[in-house]
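This report concerns only the one structure given below.
The values are calculated or read from the model by the stated rules, or taken from the named source; none is laboratory data. As the structure is a computational prediction, the values presented were derived from the model and not from experiment. Heads up, the Cβs are rebuilt from the backbone with ideal geometry, glycines too, and the neighbour counts pull from every protein chain shown. Areas reflect the complete protein model, heavy atoms only, side chains present, ligands, DNA and RNA absent. Shrake-Rupley method; radii C 1.70, N 1.55, O 1.52, S 1.80 Å.
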Amino acid sequence: MENNYWEKVYQSKQVDKVSWYQQQDLKRLALIQHHVVDLKSNLIDVGSGASLLIDQLIEIGYKNLYLLDLSETALNTTKYSLKEKELDAGHVQWQVADICIAQLPTQFFDLWHDRAVFHFMVTETQQQQYIDVMRHALKPNGMVMISTFAEDGPTQCSGLPVERYSVNKLAMTLGQDFQLIQHDTEIHLTPWGTEQKFLNTLWRFQG
């Protein structure tokens with residue numbers, strides 16, 4: 001996936017004017033707190049963009065946070081946001097990379113968080129590359145939170161095609177080493193009021 005495309009998106013649009021903008025997700029935060037109790041756990045937010053999630057995780061007290069995105073502009077926006085809120089960016093490591101070929105430490109992460117990246121993997125090769133990187137980077141029994149467009153969700157996002165999922169389809173794609181803990185669907189409202197149906201899933205990696 002070309003990072004130039006996402007650089008243009010983040011350079012041309014305000015943070016709260018992209019379709020996936022979400023000010024706060026208390027349910028997601030509560031889920032992370034419930035399953036990742038140790039505040040020194042290693043958490044990675046894949047395709048973090050200019051999300052406010054990292055701000056909120058720092059406010060909760062998490063100490064080891066990793067942000068990965070194709071867009072350097074998006075990550076710089078997050079850095080600026082943390083500075084404005086006087087939050088300690090020393091708890092954060094930043095990586096500009098394509099998740100399909102990213103170099104990540106082995107068996108390192110306690111939580112892998114992905115809100116709306118995996119559904120951009122539209123070929124089997126991309127999907128397998130992503131999964132291979134994730135398997136390499138997760139600790140045994142690490143947790144995985146993935147949100148994709150649901151099977152009756154949008155067919156495109158930001159002008160790009162996406163892959164839509166049912167929970168069974170996603171389970172088959174991830175493979176047997178990922179144990180489903182829970183799932184639900186939600187309606188996300190874009191900043192201009194359009195409804196998008198998402199599938200939210202939580203898994204435990206048993207590899």
Treating only the Cβ atoms of Lys and Arg (+1) and Asp and Glu (-1) as charged, compute the dipole magnitude of the chain about its Cα centre; round to the nearest 20 debye. 180
Mean accessible area per residue over the chain (1.4 angstrom probe, all protein chains present, square angstrom) is 50
Between Leu189 and Leu26, how many nm apart are label points set 7 Å from Cα along the C-beta direction? 1.6
Which residue fluctuates most in the GNM of the chain (Cα springs below 10 Å): Val144, Val117, Val37? Val37
SASA check, His113, accessible area w/ 1.4 Å probe, all protein chains in place, rounded to nearest 10 Å², comes out at 10
With θ taken as phi - 60° and the coefficients 6.51, -1.76 and 1.60, list the Karplus ³J(HN,Hα) couplings across the stretch 117-134 in order, rounded to whole Hz; mark glycine and proline as x. 10, 4, 6, 7, 7, 9, 10, 4, 5, 4, 4, 5, 4, 4, 5, 4, 5, 5
Could you run the Karplus curve 6.51 cos²θ - 1.76 cosθ + 1.60 with θ = phi - 60° over the stretch 75-83 and give me ³J(HN,Hα) per residue in whole Hz, x for Gly and Pro? 5, 5, 5, 5, 4, 5, 4, 5, 5
So I have (i) 8, 27, 31, 23, 9, 2, 0; (ii) 8, 37, 41, 14, 0; (iii) 9, 32, 31, 18, 9, 2, 0, and one of them is P(r) over Cα pairs in 10 Å bins from 0, in percent calculated from this model. Which one is it? (ii)
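Take the chain, mark every one of the GluC sites (Glu not before Pro) that falls in a DSSP loop and has at most 12 other Cβ within 10 Å, then report the longest stretch left between them, sites excluded. Don't jump to the answer; show the numbers that get you there.
Numbers: sites that count: Glu2, Glu86.
Counting only loop sites that pass the neighbour cut-off, the longest clear stretch is 87-207.
Return the carbon/sulfur percentage of the accessible area of the chain, one whole number, probe 1.4 Å, all protein chains in place. If you can, show how the numbers build up before the last one.
Numbers: 4800 of 10280 Å².
Ligands and nucleic acids excluded, carbon and sulfur give 47 percent.
What net charge is computed for the residues neighbouring Thr185, neighbours being all others with C-beta under 10 Å from the C-beta of Thr185, Lys and Arg scored +1, Asp and Glu -1?
Details: positive: Lys197; negative: Glu151, Asp152, Asp184, Glu186.
So the surrounding residues net to -3.
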Output wanted: per-residue J couplings in Hz (rounded whole) for the stretch 92-97, from phi through Karplus 6.51 cos²θ - 1.76 cosθ + 1.60, θ = phi - 60°, x for Gly and Pro. 10, 10, 10, 9, 8, 6
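Let me check I've understood the local charge: for His113, count other residues with C-beta under 13 angstrom from its C-beta, Lys and Arg +1, Asp and Glu -1. What total comes out? Each step should come with its number before you reach the end.
Details: positive: Arg28, Arg115; negative: Asp25, Asp45, Asp69, Asp110, Asp114.
It works out to a net charge of -3.
Give the calculated FRET efficiency between Gln128 and Lys197 to the nearest 0.05, with a Förster radius of 25 Å applied to their Cβ-Cβ distance. Spell out each step's value before the answer.
On the way: r = 26 Å, r/R0 = 1.02.
Given R0 = 25 Å and the Cβ-Cβ separation, E is 0.45.
If you add up the charges near Gly49, with Lys and Arg at +1 and Asp and Glu at -1, over every other residue whose beta carbon is less than 10 angstrom from its beta carbon, what do you get? Working shown, then result.
Numbers: positive: Arg115; negative: Asp45, Asp69.
Residues near Gly49 contribute -1 overall.
For the chain, give me the percentage of DSSP beta bridges that are antiparallel, rounded to the nearest 5 percent. Let's see the in-between values first.
Values: 20 of 41 bridges.
Roughly 50 percent of the DSSP beta bridges within the chain come out antiparallel.
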Subtracting the Cα-Cα distance from 0.36 nm times the residue separation, let me have the gained length for Lys40 to Asn168 in nm, one decimal. 42.8 nm
